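One structure below.
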Amino acid sequence: MMAMKSSKLRTIASAERFNAASYFVDRHLDEADRDRIAFIDDRGPHTYLDLARRVDRAAAVLKECGVGIDDRVILCLVDSINFPALFFGALKIGAIPVPINTYLAAADYEAIVRDGEPTTIAISSAVVAAWQSVLSGNHSIRSVIVSEGSSIAIARGWLSLDDFVEQSISTIDPAPTRAGDVGFWLYSSGTTGQPKGVMHRHGDLLHAALNYGEGVLGINEEDRVFSASKMFFAYGLGNSGTFPLHAGAASILMPERATAESVVRSMRRHQPTIFFGVPTLFASVLAYLENDDAPLSSRLRICASAGEALPAAIADKWRARFGVEILDGIGSTEALHIFISNRPGAVRKGSSGMPVGGYQVAIRSEDGGETGVDEVGDLWVRGESIAAGYWNAPQATARTFVDGWLRTGDKYSRDADGFYHYAGRADDMLKVGGIWLSPLEVEAALLEHPGVLDAAVVGAADADSLIKPRAFVVPRDAADAREEFAAALKLFVRERLAHYKCPRWIEFRTELPRTATGKLRRGALRGES
Ligand code: 3UK
(Lines give C-alpha, C1' and ligand atoms only; values in the text may rest on other atoms or scores of the structure.)
Protein backbone atom coordinates (compact mmCIF):
# COMPACT_ATOMS: atom_id res chain seq x y z
CA MET A 1 0.00 0.00 0.00
CA MET A 2 2.79 2.42 0.85
CA ALA A 3 4.85 1.30 -2.10
CA MET A 4 4.39 4.49 -4.09
CA LYS A 5 7.09 7.05 -3.34
CA SER A 6 6.17 10.49 -2.06
CA SER A 7 7.84 12.16 -5.03
CA LYS A 8 5.59 10.22 -7.39
CA LEU A 9 2.54 11.11 -5.31
CA ARG A 10 3.46 14.77 -5.38
CA THR A 11 3.45 14.62 -9.17
CA ILE A 12 0.06 12.91 -9.21
CA ALA A 13 -1.32 15.51 -6.85
CA SER A 14 -0.25 18.37 -9.04
CA ALA A 15 -0.86 17.29 -12.61
CA GLU A 16 -2.84 14.19 -13.53
CA ARG A 17 -6.48 13.37 -13.07
CA PHE A 18 -6.99 13.01 -9.36
CA ASN A 19 -10.17 12.36 -7.43
CA ALA A 20 -9.62 12.44 -3.67
CA ALA A 21 -12.21 9.68 -3.11
CA SER A 22 -10.38 7.32 -5.47
CA TYR A 23 -7.10 8.07 -3.75
CA PHE A 24 -8.09 8.00 -0.09
CA VAL A 25 -10.76 5.30 -0.27
CA ASP A 26 -10.85 3.13 -3.41
CA ARG A 27 -7.07 2.73 -3.50
CA HIS A 28 -7.45 0.44 -0.48
CA LEU A 29 -9.75 -2.01 -2.23
CA ASP A 30 -7.04 -4.53 -3.12
CA GLU A 31 -7.07 -7.81 -1.25
CA ALA A 32 -4.23 -6.94 1.09
CA ASP A 33 -5.99 -3.87 2.45
CA ARG A 34 -9.72 -4.13 2.24
CA ASP A 35 -10.27 -6.09 5.45
CA ARG A 36 -8.14 -3.77 7.54
CA ILE A 37 -9.92 -1.37 9.88
CA ALA A 38 -10.39 2.16 8.59
CA PHE A 39 -12.69 3.65 11.23
CA ILE A 40 -13.99 2.73 14.66
CA ASP A 41 -17.11 4.63 15.68
CA ASP A 42 -20.06 4.09 18.03
CA ARG A 43 -21.32 1.23 15.87
CA GLY A 44 -17.96 -0.58 15.99
CA PRO A 45 -15.14 -1.12 13.50
CA HIS A 46 -15.54 -0.44 9.77
CA THR A 47 -13.14 -1.99 7.27
CA TYR A 48 -11.75 -0.21 4.23
CA LEU A 49 -14.14 -2.30 2.11
CA ASP A 50 -17.10 -1.22 4.25
CA LEU A 51 -15.97 2.41 3.94
CA ALA A 52 -15.76 2.18 0.15
CA ARG A 53 -19.29 0.71 -0.01
CA ARG A 54 -20.65 3.44 2.21
CA VAL A 55 -18.96 6.10 0.09
CA ASP A 56 -20.63 4.67 -3.02
CA ARG A 57 -24.02 4.55 -1.33
CA ALA A 58 -23.65 8.11 -0.10
CA ALA A 59 -22.70 9.10 -3.66
CA ALA A 60 -25.82 7.31 -4.93
CA VAL A 61 -28.04 9.11 -2.40
CA LEU A 62 -26.56 12.45 -3.44
CA LYS A 63 -27.19 11.63 -7.10
CA GLU A 64 -30.75 10.70 -6.21
CA CYS A 65 -31.07 14.19 -4.70
CA GLY A 66 -30.03 15.62 -8.07
CA VAL A 67 -26.59 16.70 -6.86
CA GLY A 68 -24.23 17.25 -9.79
CA ILE A 69 -20.75 18.57 -10.49
CA ASP A 70 -19.84 21.67 -8.43
CA ASP A 71 -23.11 21.63 -6.46
CA ARG A 72 -22.49 22.40 -2.81
CA VAL A 73 -23.51 19.83 -0.22
CA ILE A 74 -23.42 21.07 3.36
CA LEU A 75 -22.39 18.43 5.87
CA CYS A 76 -23.44 19.31 9.42
CA LEU A 77 -22.47 16.00 10.92
CA VAL A 78 -21.15 14.63 14.17
CA ASP A 79 -18.12 12.35 13.81
CA SER A 80 -19.09 8.86 12.65
CA ILE A 81 -18.52 6.66 9.59
CA ASN A 82 -21.22 8.70 7.82
CA PHE A 83 -18.94 11.75 7.77
CA PRO A 84 -16.24 10.22 5.55
CA ALA A 85 -18.99 8.38 3.59
CA LEU A 86 -20.69 11.66 2.63
CA PHE A 87 -17.52 13.73 2.33
CA PHE A 88 -15.84 11.32 -0.08
CA GLY A 89 -19.18 10.39 -1.68
CA ALA A 90 -19.64 14.04 -2.67
CA LEU A 91 -16.02 14.38 -3.84
CA LYS A 92 -16.38 11.20 -5.87
CA ILE A 93 -19.21 12.62 -8.00
CA GLY A 94 -17.47 15.98 -8.42
CA ALA A 95 -19.80 17.81 -6.04
CA ILE A 96 -18.44 20.15 -3.34
CA PRO A 97 -18.84 18.89 0.23
CA VAL A 98 -18.91 21.75 2.76
CA PRO A 99 -18.40 20.42 6.29
CA ILE A 100 -19.62 22.89 8.90
CA ASN A 101 -19.45 23.23 12.67
CA THR A 102 -22.24 21.31 14.44
CA TYR A 103 -22.18 23.69 17.42
CA LEU A 104 -23.35 26.85 15.63
CA ALA A 105 -26.62 28.70 16.09
CA ALA A 106 -29.47 28.91 13.53
CA ALA A 107 -28.41 32.43 12.46
CA ASP A 108 -24.91 31.14 11.59
CA TYR A 109 -26.37 28.32 9.49
CA GLU A 110 -28.64 30.76 7.73
CA ALA A 111 -25.71 33.03 6.81
CA ILE A 112 -23.74 30.07 5.45
CA VAL A 113 -26.68 28.80 3.38
CA ARG A 114 -27.24 32.27 1.95
CA ASP A 115 -23.57 32.55 1.04
CA GLY A 116 -22.88 29.06 -0.27
CA GLU A 117 -26.28 28.25 -1.82
CA PRO A 118 -26.12 24.50 -1.24
CA THR A 119 -28.66 22.35 -3.08
CA THR A 120 -28.50 19.55 -0.53
CA ILE A 121 -27.63 19.29 3.14
CA ALA A 122 -26.77 16.22 5.19
CA ILE A 123 -27.34 16.67 8.91
CA SER A 124 -27.06 14.58 12.05
CA SER A 125 -30.18 14.00 14.09
CA ALA A 126 -28.48 15.95 16.91
CA VAL A 127 -28.57 19.21 14.90
CA VAL A 128 -32.05 18.90 13.37
CA ALA A 129 -33.50 21.36 15.90
CA ALA A 130 -30.92 24.06 15.06
CA TRP A 131 -31.70 23.66 11.33
CA GLN A 132 -35.47 23.74 11.71
CA SER A 133 -35.91 27.50 11.38
CA VAL A 134 -33.39 27.75 8.52
CA LEU A 135 -35.26 25.10 6.55
CA SER A 136 -38.62 26.73 7.09
CA GLY A 137 -37.47 29.96 5.40
CA ASN A 138 -36.48 30.72 1.80
CA HIS A 139 -33.32 28.99 0.68
CA SER A 140 -31.53 27.06 -2.07
CA ILE A 141 -31.85 23.65 -0.38
CA ARG A 142 -33.84 21.07 -2.34
CA SER A 143 -33.01 17.95 -0.38
CA VAL A 144 -32.22 17.06 3.22
CA ILE A 145 -30.44 13.86 4.16
CA VAL A 146 -30.46 12.73 7.78
CA SER A 147 -27.30 10.91 8.74
CA GLU A 148 -28.76 8.68 11.41
CA GLY A 149 -32.30 8.03 12.52
CA SER A 150 -34.82 7.18 9.83
CA SER A 151 -37.88 8.08 11.91
CA ILE A 152 -36.95 11.78 11.89
CA ALA A 153 -36.41 11.59 8.14
CA ILE A 154 -39.72 9.84 7.45
CA ALA A 155 -41.67 12.28 9.62
CA ARG A 156 -40.36 15.25 7.63
CA GLY A 157 -40.12 13.73 4.17
CA TRP A 158 -36.34 13.73 4.19
CA LEU A 159 -33.97 10.98 3.08
CA SER A 160 -32.32 8.69 5.59
CA LEU A 161 -28.74 7.70 4.85
CA ASP A 162 -28.96 4.64 7.08
CA ASP A 163 -31.81 3.24 5.00
CA PHE A 164 -29.70 3.49 1.86
CA VAL A 165 -26.75 1.79 3.50
CA GLU A 166 -28.86 -1.36 3.80
CA GLN A 167 -29.45 -1.42 0.04
CA SER A 168 -26.99 -2.92 -2.38
CA ILE A 169 -25.92 -0.71 -5.25
CA SER A 170 -23.30 -0.98 -7.93
CA THR A 171 -20.03 0.90 -7.67
CA ILE A 172 -19.98 4.55 -8.68
CA ASP A 173 -17.34 5.73 -11.15
CA PRO A 174 -15.36 8.73 -9.93
CA ALA A 175 -15.92 12.04 -11.71
CA PRO A 176 -12.86 12.88 -13.85
CA THR A 177 -11.62 15.66 -11.59
CA ARG A 178 -8.08 17.03 -11.53
CA ALA A 179 -5.89 17.68 -8.51
CA GLY A 180 -6.21 21.42 -9.11
CA ASP A 181 -10.02 21.42 -9.23
CA VAL A 182 -11.80 22.85 -6.21
CA GLY A 183 -13.10 19.84 -4.30
CA PHE A 184 -14.46 21.09 -0.96
CA TRP A 185 -14.95 24.20 1.12
CA LEU A 186 -14.50 24.85 4.81
CA TYR A 187 -16.14 27.86 6.43
CA SER A 188 -13.80 29.92 8.58
CA SER A 189 -14.46 33.12 10.45
CA GLY A 190 -10.80 34.10 10.75
CA THR A 191 -9.64 37.72 10.23
CA THR A 192 -12.99 39.48 9.89
CA GLY A 193 -15.30 37.38 12.03
CA GLN A 194 -17.61 36.89 9.03
CA PRO A 195 -17.67 33.25 7.95
CA LYS A 196 -16.05 32.78 4.55
CA GLY A 197 -15.99 29.65 2.40
CA VAL A 198 -12.35 28.59 2.06
CA MET A 199 -12.10 26.76 -1.27
CA HIS A 200 -9.71 23.80 -1.35
CA ARG A 201 -8.68 21.54 -4.20
CA HIS A 202 -8.76 17.75 -4.39
CA GLY A 203 -4.95 17.70 -4.38
CA ASP A 204 -4.67 19.85 -1.22
CA LEU A 205 -5.81 16.88 0.86
CA LEU A 206 -2.96 14.73 -0.40
CA HIS A 207 -0.34 17.46 0.04
CA ALA A 208 -1.30 18.04 3.69
CA ALA A 209 -1.20 14.28 4.33
CA LEU A 210 2.25 14.01 2.73
CA ASN A 211 3.71 17.10 4.36
CA TYR A 212 2.50 16.75 7.93
CA GLY A 213 0.75 13.38 8.43
CA GLU A 214 3.56 11.43 6.83
CA GLY A 215 6.44 13.94 6.93
CA VAL A 216 6.19 15.06 10.57
CA LEU A 217 4.18 12.36 12.36
CA GLY A 218 5.19 9.39 10.23
CA ILE A 219 1.70 7.89 10.53
CA ASN A 220 1.80 4.28 9.33
CA GLU A 221 -0.43 1.22 8.95
CA GLU A 222 0.09 0.20 12.56
CA ASP A 223 -1.24 3.47 13.92
CA ARG A 224 -4.60 4.04 15.49
CA VAL A 225 -5.31 7.76 15.65
CA PHE A 226 -7.77 9.75 17.72
CA SER A 227 -8.54 13.45 17.35
CA ALA A 228 -10.51 15.40 19.93
CA SER A 229 -11.06 18.04 17.23
CA LYS A 230 -13.95 17.13 15.00
CA MET A 231 -13.82 16.32 11.32
CA PHE A 232 -15.69 19.49 10.36
CA PHE A 233 -12.54 21.46 11.33
CA ALA A 234 -9.60 21.36 8.91
CA TYR A 235 -7.50 20.12 11.83
CA GLY A 236 -9.81 17.17 12.52
CA LEU A 237 -10.43 16.43 8.83
CA GLY A 238 -6.74 15.70 8.37
CA ASN A 239 -6.21 14.08 11.77
CA SER A 240 -9.20 11.71 11.68
CA GLY A 241 -9.72 11.42 7.93
CA THR A 242 -7.13 11.97 5.27
CA PHE A 243 -3.97 11.27 7.32
CA PRO A 244 -4.94 7.80 8.51
CA LEU A 245 -6.53 7.01 5.12
CA HIS A 246 -3.32 8.07 3.36
CA ALA A 247 -1.32 5.73 5.60
CA GLY A 248 -3.81 2.84 5.72
CA ALA A 249 -4.13 3.35 9.48
CA ALA A 250 -7.23 3.17 11.70
CA SER A 251 -9.11 6.18 13.05
CA ILE A 252 -11.34 6.45 16.12
CA LEU A 253 -14.42 8.65 15.72
CA MET A 254 -16.39 9.95 18.69
CA PRO A 255 -19.78 11.62 18.14
CA GLU A 256 -19.98 13.37 21.52
CA ARG A 257 -18.56 16.77 22.28
CA ALA A 258 -14.89 16.52 23.29
CA THR A 259 -14.71 17.04 27.04
CA ALA A 260 -12.02 15.73 29.39
CA GLU A 261 -14.42 12.99 30.41
CA SER A 262 -15.47 11.82 26.93
CA VAL A 263 -11.90 12.00 25.59
CA VAL A 264 -10.41 10.03 28.50
CA ARG A 265 -13.15 7.41 28.19
CA SER A 266 -12.57 7.04 24.47
CA MET A 267 -8.78 6.83 24.81
CA ARG A 268 -8.92 4.21 27.54
CA ARG A 269 -11.37 2.17 25.53
CA HIS A 270 -9.69 2.39 22.11
CA GLN A 271 -5.97 2.77 23.00
CA PRO A 272 -4.78 5.15 20.27
CA THR A 273 -1.10 5.47 19.26
CA ILE A 274 -1.51 9.12 18.23
CA PHE A 275 -3.70 11.71 19.91
CA PHE A 276 -4.58 15.16 18.54
CA GLY A 277 -5.92 17.88 20.79
CA VAL A 278 -6.01 21.60 21.46
CA PRO A 279 -4.25 23.21 24.46
CA THR A 280 -7.49 23.73 26.41
CA LEU A 281 -8.27 20.04 26.18
CA PHE A 282 -4.79 18.92 27.27
CA ALA A 283 -5.19 21.21 30.28
CA SER A 284 -8.66 19.93 31.14
CA VAL A 285 -7.61 16.26 30.83
CA LEU A 286 -4.72 16.94 33.24
CA ALA A 287 -7.10 18.57 35.72
CA TYR A 288 -9.71 15.81 35.32
CA LEU A 289 -7.15 13.07 36.04
CA GLU A 290 -5.49 14.85 38.93
CA ASN A 291 -6.29 12.01 41.36
CA ASP A 292 -6.28 9.17 38.84
CA ASP A 293 -2.98 7.46 38.02
CA ALA A 294 -4.22 4.98 35.42
CA PRO A 295 -2.74 5.35 31.90
CA LEU A 296 -4.68 6.86 29.00
CA SER A 297 -3.43 4.54 26.30
CA SER A 298 -0.55 2.11 26.72
CA ARG A 299 0.28 2.44 23.01
CA LEU A 300 0.42 6.26 22.86
CA ARG A 301 3.53 7.42 20.96
CA ILE A 302 2.74 11.01 19.88
CA CYS A 303 0.43 13.81 20.93
CA ALA A 304 -0.09 16.82 18.71
CA SER A 305 -1.55 20.21 19.58
CA ALA A 306 -2.77 23.06 17.37
CA GLY A 307 -5.44 25.74 17.19
CA GLU A 308 -3.79 28.10 19.64
CA ALA A 309 -0.36 28.33 21.24
CA LEU A 310 0.47 25.54 23.70
CA PRO A 311 1.77 26.96 27.00
CA ALA A 312 5.05 25.29 28.06
CA ALA A 313 3.63 24.48 31.52
CA ILE A 314 0.89 22.29 30.02
CA ALA A 315 3.41 20.46 27.81
CA ASP A 316 5.63 19.84 30.86
CA LYS A 317 2.81 18.53 33.02
CA TRP A 318 1.56 16.29 30.21
CA ARG A 319 4.98 14.78 29.66
CA ALA A 320 5.50 14.20 33.41
CA ARG A 321 2.07 12.58 33.75
CA PHE A 322 1.87 10.46 30.55
CA GLY A 323 5.50 10.17 29.38
CA VAL A 324 4.66 11.47 25.91
CA GLU A 325 5.58 14.87 24.51
CA ILE A 326 3.10 17.17 22.84
CA LEU A 327 4.13 18.53 19.45
CA ASP A 328 2.79 22.05 19.05
CA GLY A 329 2.23 23.15 15.45
CA ILE A 330 0.43 26.01 13.75
CA GLY A 331 -2.02 25.40 10.95
CA SER A 332 -4.99 27.20 9.48
CA THR A 333 -8.12 26.48 7.50
CA GLU A 334 -6.63 28.42 4.59
CA ALA A 335 -3.42 26.34 4.66
CA LEU A 336 -5.59 23.23 5.28
CA HIS A 337 -3.29 21.90 7.97
CA ILE A 338 -0.11 22.40 9.99
CA PHE A 339 2.78 24.19 8.24
CA ILE A 340 5.11 24.96 11.16
CA SER A 341 5.59 22.22 13.74
CA ASN A 342 7.80 20.75 16.40
CA ARG A 343 9.31 17.36 15.53
CA PRO A 344 9.29 14.18 17.64
CA GLY A 345 12.40 14.16 19.85
CA ALA A 346 13.28 17.76 18.99
CA VAL A 347 10.66 19.88 20.73
CA ARG A 348 11.45 23.48 21.59
CA LYS A 349 8.95 24.18 24.34
CA GLY A 350 6.87 27.32 23.99
CA SER A 351 7.59 27.48 20.26
CA SER A 352 5.59 26.33 17.22
CA GLY A 353 8.70 24.54 15.88
CA MET A 354 10.11 24.83 12.37
CA PRO A 355 8.55 24.97 8.89
CA VAL A 356 7.10 21.65 7.73
CA GLY A 357 8.61 20.21 4.52
CA GLY A 358 6.56 21.35 1.53
CA TYR A 359 6.02 24.88 2.94
CA GLN A 360 7.98 28.08 2.71
CA VAL A 361 7.53 30.50 5.58
CA ALA A 362 8.43 34.19 5.82
CA ILE A 363 8.18 36.76 8.63
CA ARG A 364 7.82 40.19 7.09
CA SER A 365 8.13 43.66 8.57
CA GLU A 366 5.81 46.56 7.67
CA ASP A 367 7.91 47.44 4.62
CA GLY A 368 7.59 43.90 3.24
CA GLY A 369 11.18 42.85 3.92
CA GLU A 370 12.04 39.82 6.04
CA THR A 371 12.69 40.45 9.74
CA GLY A 372 15.90 39.57 11.59
CA VAL A 373 16.44 37.09 14.44
CA ASP A 374 13.95 37.51 17.32
CA GLU A 375 12.20 40.35 15.52
CA VAL A 376 8.40 40.18 15.39
CA GLY A 377 6.66 40.52 12.01
CA ASP A 378 3.76 39.18 9.95
CA LEU A 379 3.75 35.48 9.19
CA TRP A 380 3.28 34.44 5.55
CA VAL A 381 3.29 30.90 4.19
CA ARG A 382 3.43 29.30 0.77
CA GLY A 383 2.88 25.66 -0.17
CA GLU A 384 0.78 23.27 -2.18
CA SER A 385 -2.11 22.69 0.24
CA ILE A 386 -2.99 26.38 0.41
CA ALA A 387 -6.56 27.29 -0.56
CA ALA A 388 -7.57 28.62 -3.96
CA GLY A 389 -9.29 31.57 -2.24
CA TYR A 390 -12.54 32.53 -0.52
CA TRP A 391 -15.91 31.92 -2.14
CA ASN A 392 -17.76 35.04 -3.16
CA ALA A 393 -15.30 37.41 -1.41
CA PRO A 394 -12.86 38.81 -3.98
CA GLN A 395 -11.57 41.60 -1.74
CA ALA A 396 -10.83 39.31 1.20
CA THR A 397 -9.23 36.86 -1.23
CA ALA A 398 -6.99 39.59 -2.66
CA ARG A 399 -5.90 40.70 0.82
CA THR A 400 -5.12 37.20 2.08
CA PHE A 401 -3.79 35.35 -0.96
CA VAL A 402 -1.01 37.47 -2.44
CA ASP A 403 1.41 36.32 -5.17
CA GLY A 404 1.03 32.68 -4.18
CA TRP A 405 1.59 33.50 -0.50
CA LEU A 406 -0.96 33.28 2.32
CA ARG A 407 -1.11 36.09 4.87
CA THR A 408 -1.90 34.27 8.13
CA GLY A 409 -2.77 37.33 10.23
CA ASP A 410 -0.38 36.07 12.92
CA LYS A 411 2.60 37.84 14.44
CA TYR A 412 5.69 35.66 14.73
CA SER A 413 9.43 35.79 15.39
CA ARG A 414 12.19 33.31 14.58
CA ASP A 415 14.99 32.63 17.07
CA ALA A 416 18.68 32.09 16.31
CA ASP A 417 18.16 28.31 16.12
CA GLY A 418 15.38 28.65 13.54
CA PHE A 419 12.41 27.97 15.86
CA TYR A 420 9.26 30.03 15.30
CA HIS A 421 7.51 31.79 18.19
CA TYR A 422 3.90 32.96 18.20
CA ALA A 423 3.51 36.61 19.18
CA GLY A 424 -0.26 37.20 18.92
CA ARG A 425 -2.72 38.17 16.21
CA ALA A 426 -2.49 41.17 13.91
CA ASP A 427 -6.28 41.66 14.32
CA ASP A 428 -8.73 41.49 17.24
CA MET A 429 -9.75 37.87 16.64
CA LEU A 430 -9.33 35.38 19.49
CA LYS A 431 -8.66 31.67 19.50
CA VAL A 432 -10.57 30.07 22.38
CA GLY A 433 -10.23 26.34 22.80
CA GLY A 434 -8.61 26.36 19.37
CA ILE A 435 -11.71 27.85 17.75
CA TRP A 436 -12.15 31.32 16.24
CA LEU A 437 -14.04 33.81 18.32
CA SER A 438 -14.89 37.29 17.14
CA PRO A 439 -15.11 39.76 20.05
CA LEU A 440 -17.59 41.76 17.96
CA GLU A 441 -20.03 38.87 17.86
CA VAL A 442 -20.00 38.42 21.64
CA GLU A 443 -20.29 42.19 22.14
CA ALA A 444 -23.30 42.25 19.81
CA ALA A 445 -24.95 39.45 21.80
CA LEU A 446 -24.35 41.30 25.09
CA LEU A 447 -25.73 44.50 23.62
CA GLU A 448 -28.98 42.72 22.74
CA HIS A 449 -29.71 42.56 26.45
CA PRO A 450 -31.90 45.55 27.42
CA GLY A 451 -29.89 46.09 30.61
CA VAL A 452 -26.59 46.56 28.73
CA LEU A 453 -25.52 50.03 27.61
CA ASP A 454 -22.07 49.20 26.26
CA ALA A 455 -19.89 46.11 26.05
CA ALA A 456 -16.37 45.13 25.04
CA VAL A 457 -14.73 41.72 24.82
CA VAL A 458 -11.00 40.98 24.86
CA GLY A 459 -8.86 37.92 25.46
CA ALA A 460 -7.43 37.30 28.94
CA ALA A 461 -5.22 34.47 30.17
CA ASP A 462 -6.60 31.93 32.66
CA ALA A 463 -4.55 30.02 35.27
CA ASP A 464 -3.16 27.74 32.52
CA SER A 465 -2.06 30.74 30.39
CA LEU A 466 -4.86 29.96 27.92
CA ILE A 467 -6.84 32.78 26.37
CA LYS A 468 -10.54 33.05 27.29
CA PRO A 469 -13.05 35.84 26.52
CA ARG A 470 -13.32 38.55 29.18
CA ALA A 471 -16.20 41.00 28.91
CA PHE A 472 -16.44 44.56 30.18
CA VAL A 473 -20.03 45.72 30.49
CA VAL A 474 -21.55 49.11 31.21
CA PRO A 475 -24.98 48.40 32.76
CA ARG A 476 -27.86 50.73 31.96
CA ASP A 477 -28.71 50.77 35.64
CA ALA A 478 -25.63 51.16 37.88
CA ALA A 479 -27.35 49.07 40.55
CA ASP A 480 -27.05 46.05 38.19
CA ALA A 481 -23.27 45.94 38.57
CA ARG A 482 -23.49 42.74 40.59
CA GLU A 483 -22.65 39.05 40.36
CA GLU A 484 -26.31 38.12 39.71
CA PHE A 485 -26.44 40.28 36.59
CA ALA A 486 -23.12 38.85 35.38
CA ALA A 487 -24.53 35.33 35.74
CA ALA A 488 -27.72 36.34 33.92
CA LEU A 489 -25.69 37.85 31.07
CA LYS A 490 -23.64 34.68 30.69
CA LEU A 491 -26.84 32.70 30.39
CA PHE A 492 -28.19 35.23 27.90
CA VAL A 493 -25.11 34.85 25.66
CA ARG A 494 -25.09 31.08 26.00
CA GLU A 495 -28.64 30.93 24.68
CA ARG A 496 -27.68 32.89 21.58
CA LEU A 497 -24.19 31.75 20.63
CA ALA A 498 -22.14 28.55 20.47
CA HIS A 499 -21.11 27.41 23.97
CA TYR A 500 -17.41 28.33 23.70
CA LYS A 501 -18.25 31.96 22.92
CA CYS A 502 -19.68 32.71 26.38
CA PRO A 503 -17.46 35.13 28.38
CA ARG A 504 -15.50 33.44 31.16
CA TRP A 505 -15.45 36.67 33.18
CA ILE A 506 -17.80 39.66 33.13
CA GLU A 507 -16.74 42.88 34.79
CA PHE A 508 -18.72 46.07 35.19
CA ARG A 509 -17.54 49.56 34.30
CA THR A 510 -19.20 52.96 34.21
CA GLU A 511 -17.69 53.63 30.78
CA LEU A 512 -15.37 51.98 28.24
CA PRO A 513 -12.15 53.48 26.84
CA ARG A 514 -12.80 54.90 23.38
CA THR A 515 -10.84 57.01 20.93
CA ALA A 516 -11.92 60.56 20.02
CA THR A 517 -13.76 59.04 17.05
CA GLY A 518 -15.58 56.60 19.28
CA LYS A 519 -13.58 53.49 18.39
CA LEU A 520 -13.21 51.02 21.20
CA ARG A 521 -9.64 50.90 22.55
CA ARG A 522 -9.37 47.17 23.10
CA GLY A 523 -5.65 47.49 23.76
CA ALA A 524 -6.37 49.49 26.91
CA LEU A 525 -8.79 46.82 28.16
CA ARG A 526 -6.40 44.00 27.37
CA GLY A 527 -3.89 45.54 29.72
CA GLU A 528 -6.35 45.75 32.66
CA SER A 529 -5.71 43.42 35.55
C1 3UK B 1 -4.06 30.15 15.32
C2 3UK B 1 -2.16 28.97 16.43
C3 3UK B 1 -0.48 29.64 17.87
C4 3UK B 1 -3.37 31.14 14.43
C5 3UK B 1 -5.83 24.69 12.33
C6 3UK B 1 -4.19 22.99 12.63
O7 3UK B 1 -6.40 26.35 13.94
C8 3UK B 1 -6.50 25.96 12.79
O9 3UK B 1 -7.18 26.66 11.84
P10 3UK B 1 -8.09 27.96 12.02
O11 3UK B 1 -8.41 28.46 10.67
O12 3UK B 1 -7.15 29.01 12.78
C13 3UK B 1 -5.89 29.41 12.31
C14 3UK B 1 -5.25 30.35 13.31
O15 3UK B 1 -5.23 29.75 14.61
N16 3UK B 1 -3.24 28.97 15.62
C17 3UK B 1 -3.42 27.71 15.16
N18 3UK B 1 -2.48 26.89 15.66
C19 3UK B 1 -1.68 27.65 16.47
N20 3UK B 1 -1.56 29.96 17.12
N21 3UK B 1 0.03 28.39 17.95
C22 3UK B 1 -0.53 27.37 17.29
N23 3UK B 1 -0.04 26.12 17.38
O24 3UK B 1 -3.88 32.42 14.72
C25 3UK B 1 -3.81 30.70 13.03
O26 3UK B 1 -3.70 31.72 12.07
O27 3UK B 1 -9.22 27.68 12.93
C28 3UK B 1 -4.82 24.14 13.07
C29 3UK B 1 -4.55 22.37 11.48
C30 3UK B 1 -5.54 22.90 10.72
C31 3UK B 1 -6.19 24.07 11.15
N32 3UK B 1 -7.17 24.58 10.40
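The values are calculated or read from the model by the stated rules, or taken from the named source; none is laboratory data. Quick caveat: nothing in here was measured; it's all calculated off a predicted structure. Cβ atoms come from the backbone with ideal geometry, glycine included; neighbour counts cover every protein chain shown. Areas reflect the complete protein model, heavy atoms only, side chains present, ligands, DNA and RNA absent. Shrake-Rupley method; radii C 1.70, N 1.55, O 1.52, S 1.80 Å.
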Quiz prompt | Within the chain, helix-based [θ] at 222 nm, where runs of 4 or more DSSP H residues each add -39,500 (n - 2.57), nearest 500 | solution = -8000 deg cm²/dmol
Exercise. Note down the accessible area of Met254, probe 1.4 Å, to the nearest 10 Å².
Key: 10
Quiz item: What does the highest-first list of 271-280, 330-339, 497-506 look like by mean Cβ count within 10 Å?
Solution: 330-339, 271-280, 497-506
Exercise. Beta carbons within 10 angstrom, averaged per residue: use that to sort the peptides 117-123, 393-399, highest first.
Key: 117-123, 393-399
Self-check item: Angle in degrees between helix 483-496 and the longest Cα principal axis of the chain, rounded to the nearest 10
Solution: 30
Quiz item: Using the reciprocal of the averaged 1/r over all distinct C-alpha pairs, how large is the Kirkwood radius of region 441-529 in Å?
Solution: 13.3
Self-check item: Accessible area per residue in Å² at 1.4 Å probe, computed on the chain
Solution: 40
Exercise. Calculate what fraction, in whole %, of the accessible area of the chain sits on carbon and sulfur atoms when a 1.4 Å probe is rolled over the protein chains.
Key: 49
Quiz prompt | In region 422-505, the GluC sites (Glu not before Pro) that fall in loop regions by DSSP, at most 12 other Cβ within 10 Å | solution = Glu448
Exercise. Diagonalise the Cα gyration tensor of region 296-370 and give the resulting equivalent ellipsoid semi-axes, square root of 5 times each eigenvalue, largest first, whole Å.
Key: 27, 13, 10
Self-check item: Residue-level accessible surface for Arg476, protein heavy atoms, 1.4 Å, Å²
Solution: 150
Quiz prompt | Translational diffusion of the chain, µm² s⁻¹ [Kirkwood Rh, Cα pairs; Stokes-Einstein; 25 °C; 0.890 mPa s] | solution = 103
Quiz item: Among the listed pairs Lys349/Lys501; Lys468/Lys519; Lys230/Lys501, which are separated by more than 25 Å between their Cα atoms?
Solution: Lys349/Lys501
Quiz item: Taking the Cα centre of the chain as the origin, how large is its charge dipole in debye, to the nearest 20, when only Lys and Arg (+1) and Asp and Glu (-1) carry charge on their Cβ atoms?
Solution: 180
Quiz prompt | Radius of gyration and Dmax over the Cα atoms of region 290-338, both given in Å | solution = 12.9, 40
Exercise. Can you tell me the 0 to 90 degree angle between the C-alpha axis of helix 260-270 and the longest principal axis of the chain, rounded to 10?
Key: 20
Quiz prompt | Square roots of five times the Cα gyration tensor eigenvalues for region 205-425, Å | solution = 30, 20, 15
Quiz item: How far is helix 279-288 tilted off the main Cα axis of the chain, in degrees rounded to 10, range 0 to 90?
Solution: 90
